[in-house]
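Taken together, the values in this text are just the output of simple stated rules run on the coordinates, not laboratory data. Computed from a predicted structure; not experimentally measured. Cβ coordinates were reconstructed from backbone atoms using ideal geometry, including for glycine residues, and neighbour counts include every protein chain displayed.
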Amino acid sequence: MNKKFKTDWSKTLVKIQDMDSKKNGSSFKDERIYYPQFNEHGVAQAIIRFLPSPDTDIPFVSVRSHSFKGVGGWLIENCPTTIKKECPVCKGNSGLWDSDPDLVRIRKRKLNYYSNVLVVKDPANPENEGKVYLYKYGKKVHDKILEKIQPGEGSIDQPIVVFDYYEGADFKLIIKKIKVGKDLMPNYDSCNFDSISCVGTDDEIESINSKLYPLSDFISEDKFKPYSELETKYNSVVGLSTESNHRESNQVRTQQPQTHAKPVTKVADTAVFDGDDSDFFKELQN
């Protein structure tokens, strides 16, 4: 038989095996997001340039999420308070804040930001230089951005809109792994902005601008589970049925002084809060 349409499946099978191993092993990695590489000394260094957003009013988006392990496995989900909706995890946490604050801190919301960046210098991976990526960062880096855009009262520093192509500034990304208890944690204290500079010529800027990633996708409604679905997942992870979860939260609230009793729907209104969730729950009770 003349096998005219015979296909060489060798490369396809390798890809299928690779995809399956990723599904069963390591977690998904978004190739759009820039990750600087740590050296043997536990230090990652790069120079990046924060860029404008192609589709949001401000050049970054903030996303809150929950990530913790319970008796029923892991819960890793975006928090609906990001888009000003009620969250069953936050609701459960508000009921436990006075009785078990340590547990609440484990289950609390985590805050991350996303921006477009241009990789200016990457000693560990020079092939990244000149490319546009998304960069995911936390409150420490975000605070450094805000301090540069709007220096504190009495500061001699000149305000710099760091996201600007022409009058922004490069960011020296220096991450050091330091020991916190038994764990090695990334530290961003050494990061700092350079002086004002232009990204390049108009042609180069046009090319960079055409490669920007949309940011609104991170906060679109389909990125957040409906309340009932997230509640079911939460109850499964912490080992509670929906009914027992409501009963536990009600019992905790009735044991607290009357001055602490506030409607849990207030959670959705506090989505604008930044920083540690201790402020989040203090606001709930006050």
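Whether a residue is among the acidic types (Asp, Glu) and under 30 Å from TYR165 (Cα atoms) was assessed, and ASP98 does not pass this test.
Applying the condition of being among the basic types (Lys, Arg) and out of contact with any Asp or Glu (no Cβ under 7 Å at 6 or more places or on another chain) to region 37-92 and asking which residue is surrounded by the most Cβ atoms within 10 Å (Cβ to Cβ) yields ARG64.
Note on region 68-161: enclosed helices (runs of 4 or more DSSP H) holding 2 or more residues that are over 14 Å from the mean Cα position of the chain (by Cα) and closer than 28 Å to CYS198 by Cβ are 139-149. Criterion applied to PRO186, PRO214 was being part of a strand (DSSP E or B) and under 26 Å from the mean Cα position of the chain (by Cα), and the one residue passing it is PRO186.
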